[in-house]
Amino acid sequence: MTQNNIDDLLTPTLSPGAGQAPAIYSLTASMLTAFFGGPFAVIALTAVNSWRLDQVRRDIPVLALLATATIGMLFLLVRADQVPLMPFVELPDDRALLIKAWALAVFGVSALLHQRFQRNMSFSATPRPNPWPAGIGCVLIGIVMTRFVIDVVTP
Amino acid sequence: MTETGPHELEYDALLEQVELLMQRRRYDQASRYIAEGLKRRPDSQPLLYYSAFLDWQQDRNADALGTVRRLLAIDPADYPGRYLLANLQAELGDFAGSEQTWISLLRDYPDSASLYVGYGRLMLNTLNVDKARRLVAEAMRRDPHDDEVLFLAGLCDLVDGRQSDATKHLETLIRHHPDKLASGYALIMLLEQRGRSRDALRVAQQLLRASPDSTTILDVVRRLKVQTHWSMVPLYPIMRWGWPFAIGIWMVMAFLFPVVAKGLSSQVVIGITVTWFVYCLYSWVWPRLLPRLI
């Protein structure tokens, strides 16, 4: 490694007053939020995790894409009978299950987004924040958003 | 043969005795000799260092920091004192201060792999994983077989999800330093990754016998005892493959089972459904209850 690179390596990274990296909500909390609150709920909790990690700018494109894909998925599920291609695909009657399955898929993508931090926290046994307030809040947001998209955006 | 008391020894002999006791981890005895030595020579750098080190070992970090500052006021360039200061600052939450200390040490000792490891560990704890990797790479260039270097390299690989690189580093660590504590931890991690929790428990129990005061190893033994309990056997797939397995099972029950159930009798369908609910409940409740029972 060149001297310039060594000098770069020996440049301080932490600002004065920097604390240990903030802990984010666990995968269990995210998964349960997805299961009970739907895709918008887990997107909201992932956004909270991004804010805690100070990574909002980096994660916004992915979160926006997930939200857009969720709206598209809800549109397809709600309007399945009227979308030209859909008659070729036989959907189960219980579309709520499909929304839940989609929420779990969104959870999977969100887990990949912060997997490095999750692994680091589990190896360093970092205590996690209490998931209940944020989890319940995100579940409520998720339920409201899902209803909004189904009833208003895709009437 | 009776041991000579601290007040009976000359300073040099007392210092030698302190070093011997510290090597053997006989900290209570060492602290008596240190106290006696500091009464006679309050500015003794080695004794101030050992006093601070003892306090650090026994989690009296604030006292340790005070002693280290006294030491560095006498000799600001004292290497062991500065090394201990960097660790203490991190433990007391002054991460920026700890970083400054590591950087100043590295500027004075640019070829020390141990210092790159110390700085790298701080970066990993503060989630600066890329910088931690670069620091570990520098440490590897200087001492590729050092146990701390290999352990931190393995840890960085595990955090990054590079399982095969982690295995390579940790196996090298075990091969070159079979008697080191870091090798024990590395072996436990590798065995757990391969699903061999019982073997990992045996290694952890050996480590605990060698270091009975270590709360870290005790926690590892407790965790592994729970994981390897006979009543946890049905939960092996969840422990091994985590959330992907749990979600996969849910998908099967939600989408595939209703299709298959059409060809089954109602008693079988009810039986499978009830079994699944009981399994879900058991997977949530039992792992939390078991540690209180064993």
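No value in this document is a laboratory result; all are computed from the given coordinates. The shown structure was predicted, so the numbers you read here are calculated from the model rather than taken from an experiment. Because the Cβ atoms are built from the backbone with ideal geometry, glycine has one as well, and the counts that use them run over all protein chains shown.
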Next item on the list: Please give the calculated 222 nm ellipticity per residue for chain B, where each DSSP H segment of at least 4 residues contributes -39500 (n - 2.57) and the sum is spread over every residue; nearest 500 deg cm²/dmol?
Entry: -24500 deg cm²/dmol
Item checked: Cα-projected label distance for A:VAL144 with A:ASP94, points at 7 Å along beta-carbon direction, nm -> 2.8 nm
Note to self: What does the structure give for B:99-106 when I average, per residue, the other chain Cβ atoms found within 10 Å of the residue Cβ?
What the structure shows: 3
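Can you pull the mean other chain C-beta count within 10 Å for peptide B:124-130? Provide the component values of the computation, followed by the final result.
On the way: counts 4, 5, 7, 14, 3, 5, 2.
So the per-residue partner count for this stretch is 6.
Fewest Cβ neighbours within 10 Å first, please rank B:SER211, B:SER164 accordingly. The partial results should precede the final answer.
Numbers: B:SER211 15, B:SER164 8.
Going from sparsest to densest Cβ surroundings: B:SER164, B:SER211.
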Notebook entry, point to check: Which of these, B:ALA90, B:ALA13, B:ALA254, has the largest mean-square fluctuation under a Gaussian network model of chain B (Cα springs below 10 Å)?
Noted result: B:ALA254
Notebook entry, point to check: Averaged over B:155-164, how many beta carbons belonging to a partner chain fall within 10 Å of each residue's beta carbon?
Noted result: 3
Next item on the list: Project the alpha carbons of the protein assembly as shown onto their principal axes and report the range along each, largest first, in whole Å.
Entry: 94, 51, 38
Notebook entry, point to check: Measuring from label point to label point, each 7 Å out along Cα→Cβ, what is the B:ASP108 to A:VAL153 span in nm?
Noted result: 6.0 nm
Notebook entry, point to check: Can you give me the Cα centroid spacing of segment B:161-214 and segment A:43-65 in angstrom?
Noted result: 35 Å
Notebook entry, point to check: Among the trypsin sites (Lys or Arg not before Pro) within segment B:251-294, which fall in a DSSP loop and have no more than 15 other Cβ atoms within 10 Å of their own Cβ?
Noted result: B:LYS262
Checklist line | Residues in segment B:237-257 that a label on B:CYS280 would reach, taking backbone N under 15 Å of a point 7 Å out along Cα→Cβ | finding: B:246-257
